[in-house]
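The values are calculated or read from the model by the stated rules, or taken from the named source; none is laboratory data. Note that the coordinates shown come from a computational prediction; the quantities given were computed from them, not determined experimentally. Reconstructed Cβ throughout: ideal geometry from the backbone, glycine too, with neighbour counts over all protein chains shown. All accessible areas refer to the heavy atoms of the entire protein, side chains included, with ligands and DNA or RNA removed. Shrake-Rupley method; radii C 1.70, N 1.55, O 1.52, S 1.80 Å.
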Amino acid sequence: MKKNCTYIALFFVLFLIQGCDMFDVHPYSGKIDGRQHINTENIAKIEHDYADRDTIRYAFISDSQRWHDELDDFVKIVNLRNDIDFIIHGGDLSDFGLTKEFLWQRDILDKLKQPYVALLGNHDCLANGEEIFQQVFGSPNYSFIAGKTKFLCLNTNALESDYSTPVPDFSFIEHERQTDKERFEQSVVIMHARPMSDQFNNNVASVFQYSIKQYPNLLYCNNGHDHIYQKDDIFKDGIIYYGTPNIGKRQFLIFTITKDHYAHELVSY
Amino acid sequence: MLMNLFPIKARTSLLAFVSLFFSTITTAQTLAGEYDIISGSDSRTPTGRNKTKELKKAAFSLVPSSYLVQYAGSIGLFSAGAGWDYGRQKQWSTDFLMGYVPKYDTDRAKLTLTLRQTYTPFKVQLHEQISYHPLRTGVYLNTTLGKQFWYKEPDKYPNSYYRFSTRLRINIFVGQDFSYKLKSNSSYFEGIKFYYDLHTSDLYLVSGIQNKYLKFDDYIGLALGVKLQIRRK
């Protein structure tokens, strides 16, 4: 009988060791294992590697919440190509704001051979999601320069915020316009929810449009959130908003930017 | 430190809840004690004896029959609470736990409350003192305190914008346990039970089912617990 007890005890110890990473503290624990501050690291890589490029080509994906399989397939597809310089994720990596969701998506995206950056989506703000996003990926507003093009990535999820945080942040937009002026000749604005959508602060939609048009040679805008392909001149001023479908549709956009010109393509896989 | 964890409102309701919990237990314990004395004077009449016996039983059922501590389980790093075991074979158990989630990479630590219903249908007597329950299963509801978490989405959202609650999690679990009965006949605790549970919640499950990419241990968690059984007279 004593022997039996020893076996039982041994079984428990083995089980414990086996299950070490199976202990879940809480769905919103904020316990982050592994890589953090991904945007900052990858932006440094993008700015360094493509500084002298005349042509820039990137893939734009968005809304991969709870579509881990489809995102994983996207990574495989893009890794087979060698003509994509970097990848931009338009936000909504998580569906419920769970800590694990961000880490699952990060681990998939980390398999990309090329650098990537992610934007904050409205679902990423749920519960303490924004804190996790900031830790794993980075600030909700940021910018980077690839070749001679400045990419302005903005948090436009106004419905998730209150007036204590400006969304969109006009002082950030203005500040970025003045920063590194000599390094870029044209601009692209990326956001999760576009003007006139349910998330955007539509009271300032035209002011927003005016402020981004102050940027040198604004080419176009990119957005996610609506889960469909969009190509709309929302303000009838020649600035096109290109929306990418959610990754669950197994579709994404590829943009090729040259001097004063750009082309886009909708890819299905 | 605890004082800074929550806004005042959440703290007050928490305190009220905890004090209600303890006052219920104390009242029940006092009642049980009082009927013990009364039963002595009333024992001459058989009907009186029966009546007091029933009252005593009723009062006793309010007193927890066990205390427990648990590690992990999606309800906190550690949680502690009290349980009520009942049924002919003590196959039913209702536990109330309070869990602590450290702050990790977020702004603040969190407290959670859990109500758990367990069903343990089978019992295998391994030894005079050791018994093994090959299956324990059930459901637990967990709520996280703090204004970041809502039961229902705030009014600012259009109708049914997010169709879930960040505050209330429904968890299911299966597990096993081993019970060790103490040799003493008069100790406060009569036995100790070690259990483990494999568990998942509504949100983990819906992610796991939908994605082949996610593996078993991505959305199924493991919890370990110890339950101290209080001796009944």
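With the structure loaded, tell me whether residue A:185 is among the charged types (D, E, K, R), in contact (Cβ under 8 Å) with a residue 40 or more places away in the chain and away from chain B (no Cβ under 14 Å) or whether it fails that test. Yes; evaluated as a whole, the condition is true for this residue.
Anything in the range B:56-87 that is modelled with pLDDT under 75 and open to solvent by less than 80 Å² (accessible area, probe 1.4 Å)? List them, or say none.
Initial filter on the range B:56-87 (modelled with pLDDT under 75): B:56-61.
Matches in the range B:56-87: B:56, B:58, B:59, B:60, B:61.
There is no residue in the range A:135-150 that is within 14 Å of chain B (Cβ to nearest Cβ) and free of Cβ contacts under 8 Å to residues at least 60 places away in the same chain. Looking across B:149, B:122, B:164, one residue alone is without any contact (Cβ under 8 Å) to a residue 24 or more places away in the chain, assigned to a loop (DSSP other than H, G, I, E, B), within 19 Å of residue A:128 (Cβ to Cβ) and of a type in the set (A, V, I, L, M, F, W, C). It is B:149. Taken together, the residues in the range B:155-175 that are open to solvent by 30 Å² or more (accessible area, probe 1.4 Å) and within 10 Å of chain A (Cβ to nearest Cβ) amount to 5.
Residue A:174 meets the conditions (1) part of a loop (DSSP other than H, G, I, E, B); (2) surrounded by fewer than 18 Cβ atoms within 10 Å (Cβ to Cβ); (3) touching a Ser or Thr at 6+ places or on another chain (Cβ under 8 Å) in every case but one. The failed one is (1). Listed by first and then second residue, the pairs with beta-carbon distance under 7 Å, at least 6 apart or on different chains, first residue in the range A:105-120 and more than 16 Å from residue B:215 (Cβ to Cβ) and acidic (Asp, Glu), second open to solvent by 20 Å² or more (accessible area, probe 1.4 Å) and not in a helix (DSSP H, G or I), are A:110/A:35.
For the range A:48-71, a residue qualifies if it is within 11 Å of chain B (Cβ to nearest Cβ) and of a type in the set (A, V, I, L, M), and exactly one does: A:71. Among the residues of the range A:28-76, those identified as hydroxyl-bearing (Ser, Thr, Tyr) and either in a loop (DSSP other than H, G, I, E, B) or open to solvent by 50 Å² or more (accessible area, probe 1.4 Å) (or both) are A:28, A:29, A:40, A:50, A:55, A:64. Here the condition is being in contact with a Leu (Cβ under 9 Å, 6 or more places away or on another chain), under 12 Å from residue A:156 (Cβ atoms) and open to solvent by 60 Å² or more (accessible area, probe 1.4 Å); of A:260, A:198, it holds for A:198 alone.
Which one is nearest to residue B:104 (Cα to Cα), of the residues in the range B:56-79 that are away from chain A (no Cβ under 14 Å) and touching a strand residue (DSSP E or B) at 6+ places or on another chain (Cβ under 6 Å)?
That would be B:69.
Taking the stated definitions as given, is residue A:187 within 19 Å of the chain's Cα centre (by Cα) and under 23 Å from residue B:161 (Cβ atoms)? For residue A:187, the condition - within 19 Å of the chain's Cα centre (by Cα) and under 23 Å from residue B:161 (Cβ atoms) - is not met. Condition (residue is of a type in the set (A, V, I, L, M), part of a helix (DSSP H, G or I) and over 26 Å from residue A:37 (Cβ atoms)) applied to the range A:142-158: is it met by at least one residue? Taking every residue of the range A:142-158 in turn, none turns out to be of a type in the set (A, V, I, L, M), part of a helix (DSSP H, G or I) and over 26 Å from residue A:37 (Cβ atoms). With respect to the conditions (1) modelled with pLDDT under 85; (2) under 28 Å from residue B:134 (Cβ atoms), residue B:118 lacks only one, and its number is (1).
The set of residues from the range A:79-105 being in a helix (DSSP H, G or I) and either under 14 Å from residue A:248 (Cβ atoms) or open to solvent by 10 Å² or more (accessible area, probe 1.4 Å) (or both) comprises A:79, A:80, A:100, A:103, A:104, A:105. Restricting the range A:230-248 to residues that are touching a residue at least 24 places away in the same chain (Cβ under 8 Å) and out of contact with any Phe, Trp or Tyr (no Cβ under 8 Å at 6 or more places or on another chain), the residue that is surrounded by the most Cβ atoms within 10 Å (Cβ to Cβ) is A:235. Among the numbered conditions (1) modelled with pLDDT under 95; (2) part of a loop (DSSP other than H, G, I, E, B); (3) more than 23 Å from residue A:121 (Cα to Cα), the only one that residue B:190 does not meet is (2). Across the range B:190-209, the number of residues qualifying as over 22 Å from residue B:226 (Cα atoms) and either more than 11 Å from chain A (Cβ to nearest Cβ) or polar (S, T, N, Q) (or both) comes to 2.
Quick one: in the range B:88-137, which of the residues that are among the polar types (S, T, N, Q) and within 13 Å of chain A (Cβ to nearest Cβ) is most open to solvent (accessible area, probe 1.4 Å)?
B:125
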